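**Student:** I'd like to ask you about the structure that follows.
Derivation of every value follows stated rules applied to the coordinates shown; laboratory data play no part. On a predicted model such as this, the values are computed, not experimentally measured, just so you know. Quick reminder, even Gly has a Cβ in these numbers, built from the backbone with ideal geometry, and neighbours come from all protein chains shown.
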Amino acid sequence: MLRKEISYLLVVLMVLGTAGCGKIKTLEEWYEINVSEIKSLDSDDYSDLEFLKPLLKDKRVVAIGENFQGVGDYIELKTRLVKYLHEELGFNAIGLESGLGECIMSLNNNNLSAKQMMEYSIMPTSYSEEALDLFTYIKEQKDTEDPLDLFGFDMEFTSIYFAEYLKQWIEKVDKEVAEDYYELEINFLRDYSELLNKYGYESTGYLEKYQKVIDRYSADYDDVIKFIKDNREELEAIYRQNDLLVDSALRTLGNRMNIVRMSMVGTVKRYELRNEIMADNVKWYMDANPDKKIIIWGHNDNITKNTSKMLTLENDEWSNSFVSMGEILSQKFPRQVYVMGLYMQGGKALHPITNEIIDIPPVPTGSLEEIISRRGYETTFVDLSKNRSKNKFNKWMFTNQYASDDGLTYEIEIRSNVQQLVPKDQYDGIILFDNVSPLTHMK
């Protein structure tokens, strides 16, 4: 009897498998199943995003990337996706590629305007009307029954706000320690910035100068960390509504010298050091908030699932990329993360350093962007996660493709065909914009 049941089950599986293989006969049918049109960048009518519900219903983390800063359409749609994920799918925390301490402490200050929250939480190069909409939404949701929590996962300075906030916090326990701490932060930031501006990254002939900064300041930071640990209960009592404040301060201060160490190693190692710490910050936040569903907002290169397998073109040579935060998180939480990459075919963007409007170079025929664009939508979403085996319609997902990126170099520019990747290895979904507009910069 058991053999008959097993045989019957095998026949059923074979029939279903055969039916599945023969189900899709045309490219148009494949498009209908795997490709969706996003009809608006800013509408609060989410009917065109309903295709995301079955894809994300069991995910705890959704990571949304971009291949270049300075694209207003990217920020606009990412903000709309954040609102949708929060309102429709229960995602209730957003992590930005910004300072850990700056974000959490700006969220903790009820007196800040949305504009102040933005200015304290992200780099000045990212101040924009589009980003302000995100922070306005976060602030509006703050006092509701279902707020959207904000945290940063980066190790780098975003603004001086963390130091100002921690100073006034420590003052309530010991004014002298608070003054000494603030002076320490200002002096460290000044000395490190002067070195970086003068010598840049990877200036191996000046390693001893960077090391002197570490030697000068590390013990003082250790003293501040010890003070916070010794006075933890008293500090926590001041802001009882936020259990993460003390730990976020300790993690931020503990990484100060790693900022300097990043300047003393090669490009790939520098990216890996930063991404390892970013991944650790995300894991810390997830562990501290086991019931939260999290949105990660970052760059494509920092969220992809197997970044180290990608090739990047630098100085006319192809080389392997780095182990990213996304790669670490995807290995740690393999079935809990959905990764979306953002790409564009053309248009204009704001250069993040010069604030000049620049043209996006056209993508070549046969590139990743051009392949996805063949559906003909202005904004196209394609799901890769359900495509588990290669066929004539999806083979591009499983084979090496060329794509545009701003690279690993310190000078920021978007270039075509400077990245080689197997899309299925890196993303669960990809959004392609046909023609983009620049960021609306705010001073």
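**Student:** Take each of the peptides 254-263, 359-368, average the number of other beta-carbon atoms within 10 Å over its residues, and list them starting from the highest. Please report the intermediate quantities before stating the final value.
**Tutor:** Details: 254-263: 18.7, 359-368: 15.6.
In descending order of packing, they fall as 254-263, 359-368.
**Student:** Could you tell me whether segment 168-266 comes out rounded, prolate or oblate from its Cα gyration tensor? Rule is a ≥ b ≥ c as square roots of the eigenvalues, rounded for a/c under 1.5, then prolate if a/b exceeds b/c, otherwise oblate. Please report the intermediate quantities before stating the final value.
**Tutor:** On the way: a/c = 2.95, a/b = 2.27, b/c = 1.30.
Prolate shape, in that a/c is at least 1.5 and a/b is the bigger ratio.
**Student:** Kindly write out, for segment 261-273 in residue order, the coupling ³J(HN,Hα) from the Karplus curve 6.51 cos²θ - 1.76 cosθ + 1.60 (θ = phi - 60°), rounded to whole Hz, with x marking Gly and Pro.
**Tutor:** Each residue's phi maps through the Karplus curve to give 4, 4, 7, 10, 10, x, 4, 4, 5, 5, 4, 5, 4 Hz.
**Student:** Return the whole-Å distance between the Cα centroid of segment 340-395 and the Cα centroid of segment 189-230.
**Tutor:** 40 Å
**Student:** Let me ask something else. With the contact rule set at Cα under 8 Å and sequence spacing of 6 or more, what percent relative contact order holds for the chain?
**Tutor:** Numbers: 751 pairs, mean separation 101.8, N = 443.
About 23 percent, as a whole number.
**Student:** Moving on to the next point. Rounded, prolate or oblate: pick one for segment 242-292, where a ≥ b ≥ c are the square roots of the eigenvalues of its C-alpha gyration tensor, a/c under 1.5 means rounded, and failing that, prolate if a/b is larger than b/c, else oblate. Each step should come with its number before you reach the end.
**Tutor:** On the way: a/c = 5.84, a/b = 1.83, b/c = 3.19.
It comes out oblate by the Cα gyration axes.
**Student:** I've got another one for you. Which one of 341, 72, 376 has the biggest mean-square fluctuation once the chain is modelled by GNM with Cα springs under 10 Å?
**Tutor:** 376
**Student:** Another question about this same structure. Apply the a/c threshold of 1.5 to the C-alpha gyration tensor of segment 141-209 and tell me whether it is rounded, prolate or oblate.
**Tutor:** Note, shape of segment 141-209 comes out oblate.
**Student:** Hey, what number do you get for the chain at 222 nm if only DSSP H runs of n ≥ 4 count, each worth -39500 (n - 2.57), divided across all residues, to the nearest 500? Can you show the working numbers first?
**Tutor:** On the way: 18 runs with 211 residues, N = 443.
That comes out to -14500 deg cm²/dmol.
**Student:** Hey, what do the phi angles of segment 360-374 turn into as Karplus ³J(HN,Hα) couplings, whole Hz, using 6.51/-1.76/1.60 and θ = phi - 60°, x for Gly and Pro?
**Tutor:** Result, ordered by residue: 7, x, x, 8, x, 4, x, 6, 4, 5, 5, 4, 5, 5, 5 Hz.
**Student:** Would you kindly calculate the mean projected area, averaged across all directions, of the convex hull enclosing the Cα atoms of the chain, in square nanometres? Please report the intermediate quantities before stating the final value.
**Tutor:** Values: hull surface 100.6 nm².
Answer in nm², one decimal: 25.1.
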